[in-house]
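Before any comments, here is the structure.
The values are calculated or read from the model by the stated rules, or taken from the named source; none is laboratory data. Remember, it's a predicted structure, so these values are computed and weren't measured experimentally. Every residue, glycine among them, receives a Cβ derived from its backbone with ideal geometry; neighbour counts consider all protein chains shown. Ligands, DNA and RNA are excluded from the accessible area calculation, which covers all protein heavy atoms including side chains. Shrake-Rupley method; radii C 1.70, N 1.55, O 1.52, S 1.80 Å.
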Amino acid sequence: MGEEAPEEMSTTEETLIVVKPDGVRRGLVGEIIGRFERKGLVIRRLRMQTLSKPQAEEFYSVHKEKPFFGELVAFITSGPVVGVVLSGRDAVATVRRMVGATKSWEAASGTIRGDLGLGLTDNTIHASDSSESFEHEEAAFFGKAPG
Ligand code: CMP
């Protein structure tokens, strides 16, 4: 009996991406969601909305002590955003790799930030950095989970 190869040991999980106001204003929603669909990730939930200030503060609560928190909340509430729950193999890490580095000007070509922008606060897209963050962010973005 052979042991499973490491690549077979990854698990199906869920993550959340949010196309930020700059991405929506620039007409990049289809481009961004299309990349995830072509990769094989499956859309489980999708909503366009403008976040309220309390909702944004809750969504980004992990950053509340950071000097850029006010700017971050002001930006993310500045227009409609599109949140998408994606599922697939190792989805949290897979999506983070596809999104690229936080500073878009440093993000590698081939990644969403690397290909589509130059910003930091306006860095086109947010993606959960862990399953714990996903659960917190999904609740803040969508409210109570379905079922
Ligand atoms: P995001 O992945 O949405 O998570 C937190 C966000 O804070 C980050 O992307 C950036 O858009 C924003 N941000 C603004 N200023 C900074 C900074 N100096 N360092 C890191 N993130 C920043």
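Structure summary
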| read-out | value |
| --- | --- |
| Local net charge near R26, Cβ-Cβ under 12 Å (Lys/Arg +1, Asp/Glu -1) | -1 |
| Carbon and sulfur %, accessible surface of the chain computed with the full protein complex present, 1.4 Å | 52 |
| Theoretical gain in end-to-end length, T12 to L118 [0.36 nm per residue, Cα-Cα removed] | 35.0 nm |
| Inter-label distance for R25 and S133, nm, one decimal - labels placed 7 Å from Cα along Cα-to-Cβ | 2.4 |
| Potential lengthening between H63 and A101 on full extension [0.36 nm per residue; Cα-Cα distance subtracted] | 12.0 nm |
| Under-23-angstrom lysine pairs by C-alpha in the chain, whenever the two are 8 or more apart or on separate chains | 12 |
| Per DSSP, loop GluC sites (Glu not before Pro) in the range 82-147 with at most 16 further Cβ within 10 Å | E106 |
| Residues with amide H under 5 Å from that of R45, placed H, sequence gap 5 or more | V85 |
| The range 62-147 shape via C-alpha gyration tensor axes, a/c threshold 1.5 | oblate |
| Solvent-accessible area per residue, Å², over the range 20-147 with all protein chains present [probe radius 1.4 Å] | 52 |
